[in-house]
């Protein structure tokens, strides 16, 4: 077998080993990590799901959205309304929690569908400003629709129950290791992230992905060759909203309480930072950027006493949350200036073979 064929085979085999090792590691982590790291990982998974959604819209289709936090809130509060039993005095339909999660994602998609006629006709900064209005509307509703949202104090999140397994803090012994809510949700988060990533990858690699990229690169030319631009824009907006709704449901289950303050404009900006840092138009870029942006404040909080210029929350100085925003703001600037393709493009560039026996 020639060297030209042997090298690709080796690359495929190496990739298979790497992915297999990563899968085993992720499955084993709940047996060894404490609750802090598991929750941090779950936040990263939820962020990655939401980032994949906005990357389909902004990275692949070129539609700027500043309202991603609104659809996360719809998913989180929708789950609480559908799954709640009304025992806390708030509106609750008492549906099975798995059904409540599905309906919350569909409601988030429905909210995106109501906005999709606007998304299909606006682009660039105009769409960004229009979606920004959704965040302010959502904040007003969350603070004032007390029967649905609990107002400023938020509302408790019913634990997920699936196939007789309740994802709460009641301990379940697995191989002599006590599994609480974080350990149980870890595997649910992995499944949701894997399913969401594979679906988005299939979309981007198929005919819809080519149409989305054509709309992003040259909208008028895409329309000339027969791409229904407005319809694709509207459909991608709905799909992105459903990803955000799913991320909101997972976040609610991890937090165990929803509060309006979390779903503000800062959250929308963080999602834009995720896809810019990781790489626009790439599923792996969305995941890398989400891990970077979501884990950074957690790490700074954990090690604030050992880091210069960073102080524990409430003690004065630069709080971990502020420091993290400074850092990933700087990361956005550096990526835009020196790595316009994002962090994943650096790894991809190394794998490109320019000559049989020579790699760039």
Among 271, 328, 17: highest mean-square fluctuation, GNM of the chain, C-alpha pairs under 10 Å
17
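Pairs of alpha-carbon atoms within less than 8 angstrom and 6+ residues apart define the contacts here; what relative contact order does the chain have, in percent?
27
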By average C-beta atoms within 10 angstrom, highest first, the peptides 339-346, 54-61, 39-46
54-61, 39-46, 339-346
Among 287, 229, what is the fewest-to-most ranking by other Cβ atoms within 10 Å?
229, 287
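Let me check I have the definition right: for region 191-249, take the eigenvalues of the Cα gyration tensor, multiply each by 5, take square roots. What are those semi-axes in whole Å, largest first?
For region 191-249, the ellipsoid semi-axes come out as 25, 13, 7 Å.
Working from the pairwise distances between different alpha carbons, so that the mean of 1/r is found and then inverted, what is region 193-352's Kirkwood radius in Å?
So the Kirkwood estimate lands at 17.9 Å.
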For region 164-288, what are the per-bin percents of Cα-Cα distances with bins 5 Å wide, up to the bin holding the maximum?
2, 9, 13, 18, 17, 14, 10, 8, 4, 3, 2, 1, 0
Work out the P(r) tail for region 63-202: percent of alpha carbon pairs separated by more than 19 Å, whole number.
62
How far apart, in nm, are the 7 Å Cα→Cβ label points at residue 31 and residue 338?
4.1
Zone residues, region 19-55, relative to residue 199, backbone N less than 11 Å from point 7 Å out along Cα-to-Cβ
53
If neighbour count is taken as other Cβ atoms inside 10 Å, put 143, 167, 237 in order from fewest to most.
143, 167, 237
Computed over the Cα atoms, what is the radius of gyration of the chain divided by 2.2 N^0.38 Å, N being its residue count?
1.04
Counted neighbours (other Cβ, 10 Å), sorted fewest up, put 37, 98, 186, 19 in the order 19, 98, 37, 186
Based on the Cα coordinates of region 226-294, what is the per residue volume of their convex hull in Å³?
106
With the Cα gyration tensor of region 88-135 in hand, convert its eigenvalues to equivalent ellipsoid semi-axes via √(5λ) and list them largest first in whole Å.
31, 13, 7
At what distance in angstrom do the alpha carbon centres of region 152-222 and region 228-256 lie from each other?
11
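Every read-out reported here was derived from the displayed coordinates using simple, explicitly stated rules and does not represent laboratory data. Just so it is clear, the model here is predicted, and its values are computed rather than measured. Every residue, glycine among them, receives a Cβ derived from its backbone with ideal geometry; neighbour counts consider all protein chains shown.
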